[in-house]
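Below is one structure, written out as structure tokens; comments come after it.
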Amino acid sequence: MLVRMAAQQIKAVLLDADGVLQWPVAGWVDGINALMHNGGTWAELDRREQTYAVTGEQPFPELLREYFDELGETVTVERMIDEWNKIDFWPGSLDLVDQVRAGGVRCYVASNQQAERAAYMRAHGGFEGRFDGEFYSCELGVAKPDAGFFAACLERTRTSPGETLFIDDKQPNVVAAASAGLIAQRIDPADGPAGLARILAAHALIP
């Protein structure tokens, strides 16, 4: 249960993307698995993406081609990227971001993403003009929950940890942010924009 907190001097809000601002479309994992017929799985692709692509260590297209060649999968890299980028964006969350910014607090996307998905989000998510910046792990060279991710974000926001609210759906990321001194709050992605509104209101960032 969220309890409304006394007003704090929060100067910046870092918002994760998936689970906070957006979510893969219904049936996303099944759609990815259906494209592969020689033993390829979303679970293994996700593992490789999270291990190599989200930090920018290996380009996602190269990672896909390598995996498909190992198994003899015939799906094209381009087709898989199209499927991987099926995202349900939540305009209601962006409306809340507008309210926070209208109150003088800066807002930033802070997300683990590989370059192709980050580019898709920039082009189709409606983020342009709604945020003060977008921080993607593939561009920072470090991913959550590594402390370096939060350090890189704070360097760019020019705020102290105690002035920065971090919202994410993954508990390990929230714990890591709190350990780095940020004001950290977990959101249940099933709550959608309503859950985000409760968190922002609890921190006196919206009415």
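The values are calculated or read from the model by the stated rules, or taken from the named source; none is laboratory data. Remember, predicted model here, so these are calculated numbers, not experimental data. Cβ coordinates were reconstructed from backbone atoms using ideal geometry, including for glycine residues, and neighbour counts include every protein chain displayed. Just the protein is used for accessible areas: all its heavy atoms, side chains included, with ligands, DNA and RNA removed. Shrake-Rupley method; radii C 1.70, N 1.55, O 1.52, S 1.80 Å.
Quick look at the numbers
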{"item": "Protein accessible area in the chain, 1.4 Å probe - carbon and sulfur %", "result": "52"}
{"item": "Rounded to the nearest 20 debye, dipole of region 82-207 from Cβ charges on Lys, Arg, Asp, Glu", "result": "300"}
{"item": "Estimated [θ] at 222 nm from DSSP helical runs (n ≥ 4, -39500 (n - 2.57)) normalised by residues in the chain, nearest 500", "result": "-12500 deg cm²/dmol"}
{"item": "Spread of Cα-to-Cα distances over 5 Å intervals beginning at zero, given as percent, for region 34-114", "result": "3, 12, 20, 19, 12, 9, 10, 7, 5, 2, 1"}
{"item": "Summed residue charge, Cβ within 14 Å of residue 130's Cβ, Lys/Arg positive, Asp/Glu negative", "result": "-2"}
{"item": "Given the chain, longest segment not containing exposed loop trypsin sites (Lys or Arg not before Pro) (DSSP; at most 10 other Cβ within 10 Å)", "result": "5-157"}
{"item": "Residue (of 108, 84, 67) at the positive-pole extreme of region 1-118, dipole from beta-carbon charges", "result": "108"}
{"item": "Most positive-pole-ward Cα, 173, 93, 157, against dipole of region 87-207 from beta carbon charges", "result": "157"}
{"item": "Debye equation applied to the C-alpha atoms of region 104-207, log10 I(q)/I(0) at 0.14, 0.20, 0.25 Å⁻¹", "result": "-0.55, -1.19, -1.63"}
{"item": "Percent of Cα-Cα distances greater than 29 Å, calculated over the chain", "result": "25"}
{"item": "Heavy-atom accessible area ranking, 1.4 Å probe, most first, across 37, 124, 203", "result": "37, 124, 203"}
{"item": "Residue with peak Gaussian network fluctuation, the chain [Cα springs, cutoff 10 Å], from 114, 171, 185", "result": "171"}
{"item": "Bridge type composition, region 1-138 - antiparallel percent by DSSP, nearest 5", "result": "25"}
{"item": "Residue among 115, 143, 43 with the largest mean-square fluctuation in a Gaussian network model of the chain, springs linking Cα atoms under 10 Å", "result": "43"}
